[in-house]
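Data first, discussion second: the structure below is written as structure tokens.
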Amino acid sequence: MRFSGRLTCLVIGIFGLSVVIAPLIKVAVDWILYALPQTSVLVGFDPADASYDFGRIYRRILLLLTLVLCYFGRRWLGPISLRGIGAESHPGRQLGSGLLLGSLSFAFFLAILILLGERSLAPDVPANWPTRIGLALASGFLVGAIEETIFRGFLLGGLLHGRSRLTAVLLSSSLFSIVHFLRAKVPVTSGPDLDVGFQALRAHFRPLSQPAVLFPFIGLLLVGVALAYAYLWTNSLPFAIGLHAGWVFLGKIDGFLLLERTGIKWLYGQQGVLAGAMGWTFLLLMLPILRLWIARSSMTDHRSSAPPTHFS
């Protein structure tokens with residue numbers, strides 16, 4: 001069986017198991033909410049009808065199952081490629097380089113939006129800004145590490161065998177984009193519900209049937225393409241993780257300094273900056289920027305590793 005067939009089996013297994021264990025997880029969550037009412041904020045508890053959002057929990061179930069099954073089934077999946085993790089690849093340096101590029105590129109993009117009038121400067125730094133920045137940075141690294149390991153390390157690494165690089169990049173980036181639309185609220189109340197897994201599964205796939213997802217899908221596809229080439233051109237998963245983390249980090253803290261959108265819809269589309277020409281252009285320009293950054297970093301690394309020249 002080819003990698004694509006095994007991947008299909010893996011995906012079916014993830015969704016199948018999620019449906020089976022969801023009722024058991026719900027029973028556990030009900031008990032936790034009863035024993036520790038202060039945890040209700042974590043699941044979006046609504047006191048008006050005593051319901052909470054099981055959709056938040058279902059997404060964590062899917063993520064956990066994906067990580068566990070990918071890890072324990074990595075040999076069965078076949079030729080994957082978690083490249084660039086070893087000490088010989090200088091993972092710390094690559095991670096920092098990616099983080100710096102991600103932060104600088106996002107900051108440059110925000111500066112363009114300010115110049116065009118789409119955003120405006122209005123510093124509103126909270127008193128607990130060190131904590132907020134620390135949490136944003138931690139969130140960036142967590143999201144970057146999980147998504148890059150799954151989509152670039154496991155998925156792209158496997159698709160590269162038997163396919164052209166461009167085909168593997170587009171397939172893995174398409175799946176990367178699709179997964180981001182598997183989001184839905186699933187309000188439930190306390191008590192056993194054997195059908196909660198099917199309810200959550202149907203709700204999470206429903207957005208994919210809406211025509212409105214087309215433009216943001218393209219934007220997220222381009223994000224995946226940029227991250228895929230960041231991984232391939234550096235041969236370093238830590239670099240892609242850092243780049244991803246930099247984008248997430250700036251996206252979480254830009255509200256400290258900038259007001260929200262002012263209404264120029266043609267810049268960012270109806271559904272966010274990734275759904276319009278402005279965001280797409282930025283992501284396409286990331287490819288030559290990546291090339292230049294990587295080439296410059298390689299030259300710097302080569303110079304720093306070159307043996308000293310001695311003159312008599």
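Just so it is clear, none of the values below were taken in a lab; they were calculated from the coordinates. Values in this document were obtained by computation on a predicted structure and should not be read as measured data. Note: ideal-geometry Cβ built from the backbone for every residue, glycine included; neighbour counts use all protein chains shown.
Pick from GLY102, GLY246, GLY92 the residue whose mean-square fluctuation is largest in a GNM of the chain, springs joining Cα atoms under 10 Å.
GLY92
Which value in deg cm²/dmol, rounded to the nearest 500, describes the helix-derived mean residue ellipticity at 222 nm for the chain, given -39,500 (n - 2.57) per DSSP H run of n ≥ 4 and division by the residue count?
-21500 deg cm²/dmol
I'd like to know how region 1-78 sits against the 2.2 N^0.38 Å rule of thumb: what's its Cα Rg over that expected value? Walk me through the numbers on the way to the answer.
Values: Rg = 16.1 Å, N = 78, 2.2 N^0.38 = 11.5 Å.
Scaled against compact globular proteins, the figure is 1.40.
Relative contact order of region 3-304, please, whole-number percent, based on alpha carbon pairs below 8 angstrom and at least 6 residues apart. Before the final figure, lay out the partial values.
On the way: 381 pairs, mean separation 88.7, N = 302.
For region 3-304, the relative contact order is 29 percent.
Would you grab the residues whose amide H sits under 5 Å from the one on SER120? Only those 5+ places off in sequence or on another chain, please, with H modelled 1.01 Å from N.
Those qualifying (amide H under 5 Å, at least 5 residues apart or on another chain) are LEU259.
Just going by the charge dipole of region 116-238, with Lys and Arg at +1 and Asp and Glu at -1 on Cβ, which of ILE146, VAL213, HIS161 is farthest out on the positive end?
Of the candidates, HIS161 comes out farthest on the positive side.
Excluding the sites themselves, what is the longest stretch of the chain that contains no trypsin sites (Lys or Arg not before Pro) in a DSSP loop with at most 15 other C-beta atoms within 10 Å? Before the final figure, lay out each step's value.
On the way: sites that count: ARG2, ARG183, LYS185, ARG261.
My reading of the result: 3-182 is the longest stretch.
Using a basic spin-label model with each label point 7 Å from the Cα along Cα→Cβ, how many nm lie between ARG296 and ILE12?
Using points 7 Å along Cα→Cβ, the separation is 4.9 nm.
Comparing SER209, SER297, SER40, which has the greatest mean-square fluctuation in the GNM of the chain with Cα pairs linked when under 10 Å apart?
For the chain, modelled as a Gaussian network with Cα springs under 10 Å, the answer is SER209.
Compute the acute angle (0 to 90°) between the alpha-carbon long axis of helix 196-205 and the principal axis of greatest extent of the alpha-carbon atoms of the chain; round to the nearest 10°.
Helix 196-205 sits at roughly 40 degrees to that axis.
Using a Gaussian network model of the chain whose springs link C-alpha atoms within less than 10 Å, name the residue from ALA240, ALA136, ALA127 with the highest mean-square fluctuation.
Ranking ALA240, ALA136, ALA127 by mean-square fluctuation puts ALA127 first.
Working from the alpha-carbon coordinates of the chain, get Rg over Rh, Rh being the Kirkwood radius. Before the final figure, lay out each step's value.
On the way: Rg = 21.7 Å, Rh = 21.6 Å.
A ratio of 1.00.
Dividing the convex hull volume of the Cα atoms of region 166-299 by its residue count, what figure in Å³ per residue is obtained?
On the way: hull volume 23.3 nm³, N = 134.
With only Cα atoms used, region 166-299 gives 174 Å³ per residue.
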